[in-house]
């Protein structure tokens, strides 16, 4: 006489067969891939556009500094007056005109040089031009000081501090950030899942209330069974959706990459690259060697442990939140009434993410990180951000992990119990817009 | 054991609000029982307790002689007042789901559904979605789902609201057939006239208390007040009325000159009506002579007044 599987099956099928669900599931990966392709295409398009800049050089300096680059090419005018050069530039449709007057020395030439263009020039181009002058000026000054260019390059070495643990293992700069981003990814996934599928659970409860089927069902099954079946069924639908996204997304990406010949490294380096790059510090001479170390370090992240704890935190966290969502759905009559109750649920989730990104990243085992990874409404997200650092020595102390899970478990039982009570009373209340006080009263029924 | 259901001193309170106060009922097997009372009297709460949707604070409910247990759900069919179906689910699938929740196997449920769909002539609805059906059509499905698992006890809360007269009659006939086949039936309604003719037993619930219960015919006998409605044909009504007033109390009278018909309402001191009838027979042509039986509604109002609930 166990009716739970029946309920789960119905909830799952009701969700999966829903038209908007099907459309969302299959359209999202296509949209995502289309977006990646669009970005790739636009980047390429941008690269291929070449600007032509005219140069009128009356000075004795600057001969071959204005050399054609990937994005800009230079046309040199000779024997024209400034006015003629301007007219010509305009007529030819060039981007602009660099004018170098005839002066006694480089300093003066640079000072009086002009760039003429139709509109205010593109910053990138301006910077490029300015660098040409700057380099030339520096070269000149160095020569005055009697230093050769080679000597200067030698002087301008980058420096990196050697870092190591006390045990002598080499530490990598930025590895904490990378680990935190991985953990953050897990945490973010939990949050998104809770918000999206918690909302589904809530809407499904409201639907049962407004369609008045609830009392028919409640006379055959216990409200708690119905609530649990709904939560499980909806999350299975969610997991199905995620699985489809991952599989189709990967397939589509691979197909798209091969068809359009986009190198994934260029796409990712234009997107995520800079952010990561700052952490990793660019231009290290032994780049290959370092990358290997990073790869090794990433490989050494205890993935199995991470996924096991992800599942624990994910399931407990999701059940806590979705039972609150179910209780809200039961308490109200329509979706517009849910606003006042939803905000307090989203708040701890947002807080967890922000605390995670601002505090846990920089100090994964500091007091704030510890506090929020113990507090049950934020721990699923915050703890996931700390865990990639490992457990025990140098990572999350075991007592914290155990305490966090125990508190979460206790909260889970308590919240589900409370939510079930509100749910049980709420689903049979029609036409009332409840206040918090009323919800509190229901707990005593 | 002659009672399918015994409610023993059940009390239920929601916060400060008393929903039921010491209510006791006995519902005989194979009977139709009317649970009557105005909205908010506590009928639905009592029914929810019988269906184990909520639980009493005090008191016990016995089903077929045993304290009510979750297993008994399979033997109760309940059509709630607030009823509906999943809008986007197909009729057949939905009926199957609800039947399975009542404990039927899928195969059994399918067979029985087929039987009922044919019987109510709605076989072609199987693949339709509920949102394509009218309200009356959906109610038929709900009715089928309620009775499909052949429960011993059927509870209908405001059964005929939402049905058009034709469908209401079809459903009424089906309910009577179910009774013939041995089911016990509870009707709960605030529209007492709608079920009066069907019920053998009634209980009146008012402000969380049961104020009256028993066999309807006996209650009516107890409440009848020996008032008769009489219609006679004669030339001189005033003479007869004068004559009658010596012995009886005339409550109202009306004479139709054209038809020579006198209609009047008369109060007898006891239920011996033969004397009056023979008196009338000797003086006029008697067209009708009917004892006014109080309706459930009248009984209800009088009981409330007797019990001192006038402060409404």
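Throughout, read-outs are computed from the coordinates displayed, never taken from laboratory work. Please read all numbers here as calculations on a predicted model, not as lab measurements. Here Cβ is always computed from backbone atoms with ideal geometry, including for glycine, and neighbour counts include all displayed protein chains.
Observations on the structure shown:
- Size descriptor, Kirkwood hydrodynamic radius, that averages inverse alpha-carbon separations across the stretch B:3-221, Å: 17.9 Å
- Once the Kirkwood radius over Cα pairs is known for the protein assembly as shown, the Stokes-Einstein relation at 10 °C and 1.306 mPa s delivers a diffusion coefficient of 46 µm²/s.
- The stretch B:225-291 - convex hull of the alpha-carbon atoms, volume per residue in Å³: 72 Å³
- Placing a label point 7 Å from the Cα of residue A:84 along the Cα-to-Cβ direction, the residues of the stretch A:95-114 with a backbone N closer than 17 Å are A:98-102.
- Computed over the alpha-carbon pairs of chain A, the distance histogram in 20 Å steps reads 18, 36, 27, 15, 3, 0 percent, short to long.
- Mean projected area (nm²) of the alpha-carbon convex hull when the stretch A:85-129 is viewed from all directions: 3.5 nm²
- Residue A:50/residue A:259 FRET efficiency (R0 35 Å; Cβ-Cβ; nearest 0.05): 0.85
- Added length on full extension, which subtracts the Cα-Cα distance from 0.36 nm per residue, residue A:118 to residue A:436: 108.1 nm
- Spin-label pair residue B:131-residue B:233: with each label point 7 Å from Cα along the Cα-Cβ axis, the two points sit 6.4 nm from one another.
- Comparing the stretch B:1-69 with the 2.2 N^0.38 Å rule of thumb, its C-alpha radius of gyration ratio is 1.08 (two decimals).
- Computed label-point distance, nm, for sites residue A:340 and residue A:91 using a 7 Å Cα→Cβ extension: 7.6 nm
- Chain B: most fluctuating residue of B:16, B:164, B:121 per GNM, C-alpha cutoff 10 Å: B:16
- As an equivalent ellipsoid, the stretch A:50-148 spans semi-axes of 24, 16, 11 angstrom, where each value is the square root of five times an eigenvalue of the C-alpha gyration tensor, largest first.
- Crossing angle, helix B:296-306 versus chain B [Cα axis fit, 0-90 degrees, rounded to tens]: 80 degrees
- Bridge type composition, chain A - antiparallel percent by DSSP, nearest 5: 30 percent
- Pairwise FRET efficiency - residue A:307 versus residue B:111, Cβ, R0 = 60 Å, nearest 0.05: 0.80
- Counting DSSP beta bridges with both ends in the stretch A:50-148, the antiparallel % (nearest 5): 25 percent
- Helix-only mean residue ellipticity at 222 nm for chain B, each DSSP H run of n ≥ 4 adding -39500 (n - 2.57), per residue, nearest 500: -9500 deg cm²/dmol
- Between helix B:135-147 and chain B there is an angle of about 80 degrees, using the helix long axis and the longest principal axis of the Cα atoms.
- Rounded to the nearest 500, the helix-only mean residue ellipticity at 222 nm of chain A stands at -22500 deg cm²/dmol, with each DSSP H run of n ≥ 4 adding -39,500 (n - 2.57).
- Calculated from the alpha-carbon coordinates, the stretch B:42-135 shows an Rg and a Dmax of 16.1, 48 Å respectively.
- Relative to its residue count, the stretch A:399-443 spans a Cα convex hull of 73 Å³ per residue.
- Semi-axis lengths, Å, the stretch A:136-235, gyration tensor of Cα atoms, sqrt of 5 times eigenvalues: 69, 20, 6
- Under a Gaussian network description of chain A, with springs only between Cα atoms under 10 Å, the residue in A:150, A:14, A:419 that fluctuates furthest is A:150.
- Relative compactness, the stretch B:169-312, computed as alpha-carbon Rg over 2.2 N^0.38 Å: 1.36
- Max mean-square fluctuation residue, GNM over chain A, Cα-Cα springs under 10 Å, options A:230, A:15, A:90: A:90
- Percent of beta bridges antiparallel (DSSP, the protein assembly as shown, rounded to nearest 5): 60 percent
- Angle of helix A:82-92 to the longest C-alpha principal axis of chain A, folded into 0 to 90 degrees and rounded to 10: 50°.
- FRET E, pair residue B:170, residue B:291, Förster distance 41 Å, beta-carbon r, rounded to 0.05: 0.80
- Residue-span extension gain [residue B:241 to residue B:30] - 0.36 nm each, minus C-alpha spacing: 71.1 nm
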